[in-house]
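Coordinate-derived values only; no laboratory data. Everything quoted here is computed from the prediction, not taken from an experiment. Note: ideal-geometry Cβ built from the backbone for every residue, glycine included; neighbour counts use all protein chains shown.
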Amino acid sequence: MNVLITGGASGLGLATAEAVEKEGWKALVVDVREPDQRFEHVTADLADRGEAERAVRELAERAGGLDAVVTAAGIDACGRLEDVPAADWERVIQVNLLGTAAVVRAALPYLKHTRGKVVTCASTLGLRPLSDASAYSASKFGVVGFTRGLAIETRGEVGVTLLIPGGMRTSFFDGRPEQYKPGPEAGLNDPAHVAQAVVFALRQPAGCEVRELVVCPSTETSWP
């Protein structure tokens, strides 16, 4: 099985690529940074629709098709709306929401051919917003709506799963001001554990759909 994974250079994307390879499947990685060289990959900025589409087509043609897509790429820009530069705020929407849509759109012809699967990555903040996270919450609320709409549009043709993870121990929080970093009490999840939920969804036989999965730390403050 050929599985295209965005954001596969780090965090949940990397954990998913590793989990996919352990299953004996082939991980195809798209990231703005160079990933681990053991993975077949293309570098692309998902904020650029043309780059996103090119990356999907290139990897699909190299691999001889696609059986699944996992959209794990994501960025953030913390702060109050009036304090975050407009370009930074809008880039979060471009990468997290529009980049997700661009990748899935480009992959659909391949996935319909194989009756494949899509797993999109939203967030618990896509269900319950927090202050100083308007860009991230807006993008992830968008992913929730996009995925639910996609599931209706493609039912019977492509399997669609919405993954809603809580906080994970990744580089996602690096470089933030201290007030936006999770404290030691957060008990963040290992992304490898969340990646197992992705694999579970991908393992389901055609016609059996895992529509939504919430995977979060037991102390997650943004859930329920």
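Enter the angle in degrees (range 0 to 90, nearest 10) between the Cα long axis of helix 11-22 and the first principal axis of the Cα atoms of the chain, meaning the one along which they spread out most. Helix 11-22 sits at roughly 30 degrees to that axis. The candidate values were (1) 16.3, 48; (2) 17.0, 57; (3) 16.3, 64; the one computed from these coordinates for Rg and Dmax of the Cα atoms in Å carries the label (1).
Rounded to the nearest Å, what's the spacing between the alpha carbon centres of segment 1-40 and segment 61-117? Just the number, please. Here the answer is 15 Å between Cα centres.
Spacing of the modelled spin labels on E212 and R148, each 7 Å from Cα toward Cβ, amounts to 0.6 nm. Calculated FRET efficiency, R57 to R169, Cβ-Cβ distance, R0 = 30 Å: about 0.35 to the nearest 0.05. Only helices enter this figure: runs of n ≥ 4 DSSP H residues, each worth -39500 (n - 2.57), summed and divided by the residues of the chain, yield -12500 deg cm²/dmol at 222 nm to the nearest 500.
For a paramagnetic label modelled on R105 (point 7 Å from Cα along Cα→Cβ), amide N atoms under 13 Å away belong, within segment 38-79, to 47-54. Counting only Cβ charges, +1 for Lys and Arg and -1 for Asp and Glu, the dipole size of the chain around its Cα centre is about 680 debye.
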